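S.K.: Dropping a structure here in structure tokens format, bear with me for questions.
Coordinate-derived values only; no laboratory data. Because the structure is predicted, anything quoted here is derived from the model rather than measured. Using ideal geometry, Cβ is built from the backbone for each residue, glycine included, and neighbour counts are taken over all protein chains shown.
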Amino acid sequence: MSGAIDDATSPSALSDKSAKIFVAGHRGLVGSAIVRKLQALGFTNLVLRGHAELDLTRQNDVESFFTVEKPQFVILAAAKVGGIHANNTYPADFIAVNLQIQTNVIDASYRFGVKKLLFLGSSCIYPKFAPQPIPESALLTGPLEPTNEWYAIAKIAGIKMCQAYRIQYNWDAISGMPTNLYGPHDNFHPENSHVLPALMRRFHEAKVKGAKEVVVWGSGSPLREFLHVDDLADGVVFLMENYGGLEHVNVGSGKEVTIKELAELVKEVVGFEGELVWDSSKPDGTPRKLMDSSKLAGLGWTPKISLKDGLVDTYKWYLENVKQ
Ligand SMILES: NC(=O)c1ccc[n+]([C@@H]2O[C@H](COP(=O)([O-])OP(=O)(O)OC[C@H]3O[C@@H](n4cnc5c(N)ncnc54)[C@H](OP(=O)(O)O)[C@@H]3O)[C@@H](O)[C@H]2O)c1
């Protein structure tokens, strides 16, 4: 690919602070961080609609919204997300709702004159046995992890839709694939949350109760990558300003920690003084999952928030916002 279809420098970069930007999913972990970032940068004309005001699965409502509001830029951070249990229980919802949201928003954005759109996916788009660290080129090279394939297939379709509209219409749609995220507005649900917020909640509750120990499943040896959501938001704005290529772009921290290192750091940040006990009779997940973010680094972007600082910030938000 060459020329405008796969041009690494975007012709429609965000430069005007009064540009009208629709951030879809602005109440979520990712969308709320993108709104904070854009506001901090001085953008004054954000268009925001909660799920209750605008259900993005409804094509007519989405088209009416675009007819009236005519946004110039769109960042698509609305999605139906969930863990393994939710994916297994509601496979139809995970594939249908996500396909509907992204098809409606991407197509309406093109047809109603949006200059540039960024679609957010996730690292689950990659094959279960992709090489580590996972490069963008690993997409569609092998079978997916079966536990979240419904969600992953929808996200892959979103990437392909952006590519197809770029090829057919020369329209500036790009995709970013974040690694595991954490930060303010994360989900701290006791049974239904990712490893980092789950550990934070458990250590906090153990501290409050004066418990002597916290038992964590597995050996603690799997390696994982985490990115603070404010770094992701910074990366998203960077891509909106600087990237106009056909291929999706990984957005990771490039730093791996073992689950054991993570748990010890969370314990320290929370201030739990009891013992951390590993139950190695319980299963570990995949031994290693790291994205290769060298493409984004090559474009000139790197994350800024250390895991320790990010955890301190997240715990502060947890204390102020999650019902104790
Ligand atoms: N969290 C992560 O670690 C992570 C990692 C990689 C990629 N991502 C990607 O980032 C994107 C956002 O994820 P997130 O973690 O921010 O999820 P989230 O916190 O659940 O936020 C998703 C947002 O989408 C909205 N939404 C869902 N269905 C909608 C509908 N039909 N109409 C309008 N709005 C709807 C939700 O509103 P309601 O809550 O009101 O339904 C919510 O505000 C996803 O594409 C996800 O794949 C996330």
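S.K.: How many percent of the alpha carbon pairs in the range 200-255 exceed a separation of 18 Å?
M.R.: Here the tail beyond 18 Å accounts for 60 percent of pairs.
S.K.: Now for a different question. If you count the DSSP beta bridges with both ends in the chain, what percent of them are antiparallel, to the nearest 5?
M.R.: Working: 3 of 32 bridges.
Percentage antiparallel, nearest 5: 10.
S.K.: Once you keep just the Cα pairs under 8 angstrom separated by 6 or more residues, what percentage relative contact order results for the range 94-143?
M.R.: Values: 21 pairs, mean separation 12.1, N = 50.
Taking the mean separation of contacting Cα pairs over the length of the range 94-143, I get 24 percent.
S.K.: Separate question: With the radius of gyration and the Kirkwood radius both derived from the Cα set of the range 227-267, what is their ratio Rg to Rh? All intermediate terms of the calculation are to be shown ahead of the outcome.
M.R.: Details: Rg = 14.1 Å, Rh = 12.3 Å.
My calculation puts Rg/Rh at 1.15.
S.K.: I've got another one for you. So if I take the centroid of the Cα atoms in the range 279-316 and the same for the range 63-116, what is the distance between those two points in Å?
M.R.: Their Cα centres are 26 Å away from one another.
S.K.: LEU223's amide H: which non-local residues (gap 5+, or another chain) put their own amide H closer than 5 Å, with H modeled 1.01 Å from N in plane and none for Pro or chain starts?
M.R.: Hits under the 5 Å cutoff: ARG288, LYS289.
S.K.: Kindly give Rg over Rh for the chain, based on alpha-carbon atoms, with the Kirkwood expression for the hydrodynamic radius.
M.R.: My calculation of the ratio gives 0.97.
S.K.: Is it possible to state the helix-based mean residue ellipticity at 222 nm for the chain, with each DSSP H run of 4+ residues giving -39500 (n - 2.57), the sum divided by total residues, to the nearest 500 deg cm²/dmol? What is it? Write down the numbers at each step before the final one.
M.R.: Details: 10 runs with 133 residues, N = 324.
For the chain, the value works out to -13000 deg cm²/dmol.
S.K.: May I have the convex hull volume per residue, in Å³, for the Cα set of the range 34-140?
M.R.: 150 Å³
S.K.: Straight-line reach from LYS80: which aspartates and glutamates have a Cα under 14 Å away, not including same-chain ones fewer than 8 places off?
M.R.: List returned: ASP55, ASP93, GLU149.
S.K.: Could you give me the percent of Cα pairs per 10 Å distance bin for the range 147-277, shortest bin first, beginning at zero and ending with the bin that holds the maximum distance?
M.R.: 11, 31, 29, 17, 9, 2, 0
S.K.: Could you put CYS124, CYS162 in order, starting from the residue whose Cβ has the fewest other Cβ atoms within 10 Å? Intermediate values should be presented prior to the final figure.
M.R.: Details: CYS124 19, CYS162 25.
The order, fewest Cβ neighbours first, is CYS124, CYS162.
S.K.: Where the Cα atoms of the range 70-121 are projected onto their three principal axes, how long is each span, largest first, in whole Å?
M.R.: Its Cα atoms span 38, 14, 12 Å along the three principal axes.
S.K.: Using Cα pairs closer than 8 Å and at least 6 residues apart in sequence, work out the relative contact order for the chain, in percent. Intermediate values should be presented prior to the final figure.
M.R.: Numbers: 604 pairs, mean separation 67.9, N = 324.
In percent, rounded to a whole number, it is 21.
S.K.: While we're looking at this one, here's another question. Considering Cα pairs under 8 angstrom that are at least six residues apart, work out the relative contact order of the range 20-158 and quote it in whole percent.
M.R.: Result for the range 20-158 is 26 percent.
S.K.: How many angstrom lie between the Cα centre of the range 138-161 and the Cα centre of the range 24-47?
M.R.: That distance is 27 Å.
S.K.: Tell me which residues come under 5 Å, amide H to amide H, from ILE305 once H is placed; ignore anything under 5 positions away on its chain.
M.R.: Excluding prolines and chain starts, which carry no amide H, there are no hits.
S.K.: Dipole size in debye (nearest 20) for the chain around its Cα centre, Lys and Arg Cβ +1, Asp and Glu Cβ -1?
M.R.: Result for the chain is approximately 300 debye, rounded to the nearest 20.
S.K.: Taking R0 as 25 Å, what FRET efficiency do you get between GLN324 and HIS51 from their Cβ-Cβ distance, rounded to the nearest 0.05?
M.R.: 0.40
S.K.: Let me know the Rg and Dmax you get for the range 212-296 when you use only its Cα atoms, in Å.
M.R.: 16.9, 53
S.K.: Next up: About its Cα centre, how strong a charge dipole does the range 180-324 have in debye, to the nearest 20, once Lys and Arg get +1 and Asp and Glu get -1 at the Cβ?
M.R.: Working: 17 positive and 22 negative charges, 65 e Å.
For the range 180-324, the charge dipole is close to 320 debye.
S.K.: For VAL47, what residues show an amide H to amide H distance below 5 Å, using hydrogens built from the backbone and excluding near sequence neighbours?
M.R.: Those qualifying (amide H under 5 Å, at least 5 residues apart or on another chain) are ILE21, PHE22, VAL23.
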